[in-house]
Amino acid sequence: MVFRLLQYHWLGNLPLWTRFKGMKNWFLWLLAGGVSLVGGVLALFNPMSASIAATTFAGCALLIVGALQGYSAWTASGTRATTGAGLMSGSALLLGLILLLGPFGNGDLMRIVLTLLLVVSGVAIIWSARQLRGDNLFVAALASGVVPIVLGGIVLSGFPAFIAGNLGITLGVELLALGVALIVFSIRHKKMRTA
């Protein structure tokens with residue numbers, strides 16, 4: 001029976017609502033998305049003159065978002081929902097801790113770690129967005145996953161320098177993209193529960 005379910009799943013024959021069974025806590029996703037959006041806006045408002053404050057705000061916001069996503073992953077029943085939420089939670093928590101505790105080693109290590117975490121965050125969002133194929137929210141969720149991957153490439157390459165050299169802008173945009181993705185997932189799940 002498990003093989004049959006996997007076979008139908010990979011062929012796309014399962015109804016869309018069965019893919020969302022694991023995301024029970026739509027309100028937590030909405031709350032995490034709201035916290036992420038607020039943290040992103042705060043990080044973008046004052047990136048140059050208060051980069052320490054922007055980093056602290058972004059680090060705290062990422063810790064809260066990661067904790068809420070971790071709880072959602074812990075209570076999820078589906079493998080897809082657990083995997084996606086777990087990856088997003090882990091990357092948000094790790095990035096938040098690195099921001100709050102400071103860079104370890106020289107700046108190159110921080111740049112590489114930030115790049116990896118941004119790419120992991122983007123891949124996790126895209127992984128979760130696969131559940132929305134055929135939905136009008138799919139494009140927004142997919143774009144929210146592409147943004148951190150592009151930011152990771154910018155940070156690693158150093159081009160353009162005004163974004164790569166300013167952690168406040170990078171984190172603000174990442175938090176905004178994550179917030180949009182989480183809100184899209186919560187709206188879709190809410191629609192599925194009421195339908």
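The values are calculated or read from the model by the stated rules, or taken from the named source; none is laboratory data. Note that this is a predicted model, so its numbers are computed, not measured. When we count neighbours, we look across all protein chains shown, and the Cβ atoms used for this are built from the backbone with ideal geometry, even at glycine.
The number of residues in region 104-116 being acidic (Asp, Glu) and either modelled with pLDDT of 80 or more or under 18 Å from Val150 (Cβ atoms) (or both) comes to 0. Looking only at residues that are surrounded by 18 or more Cβ atoms within 10 Å (Cβ to Cβ) and in a loop (DSSP other than H, G, I, E, B) in region 17-33, which one is modelled with the lowest pLDDT? Step by step, filter region 17-33, then rank; the result is Phe20. Residues considered: Ser77, Ser72. Of these, the only one that is touching a residue at least 40 places away in the same chain (Cβ under 8 Å), more than 21 Å from Gly179 (Cβ to Cβ) and more than 12 Å from the chain's Cα centre (by Cα) is Ser77.
Criterion applied to Leu93, Leu101 was being surrounded by fewer than 17 Cβ atoms within 10 Å (Cβ to Cβ) and at pLDDT 80 or above, and the one residue passing it is Leu101. For region 117-145, a residue qualifies if it is at pLDDT 85 or above and closer than 18 Å to Thr170 by Cβ, and the qualifying residues are Leu118, Val119, Val120, Ser121, Gly122, Val123, Ala124, Ile125, Ala143, Ser144, Gly145. Here the condition is being of a type in the set (A, V, I, L, M, F, W, C) and under 11 Å from the mean Cα position of the chain (by Cα); of Leu151, Leu176, Leu156, it holds for Leu176 alone. All of (1) surrounded by 15 or more Cβ atoms within 10 Å (Cβ to Cβ); (2) at pLDDT 75 or above; (3) not basic (Lys, Arg) hold for Ala54 with one exception: (2).
Can you pull out the helices (runs of 4 or more DSSP H) entirely within region 115-195 that have at least 1 residues that are among the polar types (S, T, N, Q), under 20 Å from Val41 (Cβ atoms) and in contact (Cβ under 8 Å) with a residue 24 or more places away in the chain? Can you show your working first?
Numbers: elements: 138-157, 161-164, 167-194.
In region 115-195, the matching helices (runs of 4 or more DSSP H) lie at 138-157, 167-194.
Kindly indicate whether any position in region 2-16 is of a type outside the set (A, V, I, L, M, F, W, C), within 26 Å of Asn136 (Cβ to Cβ), surrounded by fewer than 18 Cβ atoms within 10 Å (Cβ to Cβ) and at pLDDT 75 or above. Please lay out each step first, then the result.
Restricting attention to region 2-16, the residues satisfying the condition of being of a type outside the set (A, V, I, L, M, F, W, C) are 4, 7-9, 12-13, 15.
This time we only want the ones that are within 26 Å of Asn136 (Cβ to Cβ), so: 8-9, 12-13, 15.
Narrowing the set further to residues that are surrounded by fewer than 18 Cβ atoms within 10 Å (Cβ to Cβ) leaves 8-9, 12-13, 15.
Next, from what is left, pick out any that are at pLDDT 75 or above: none.
No, the conditions are met nowhere in region 2-16.
Checking region 78-87 against the condition returns a match, with at least one residue being of a type in the set (A, V, I, L, M, F, W, C), at pLDDT 80 or above and closer than 22 Å to Ser186 by Cβ.
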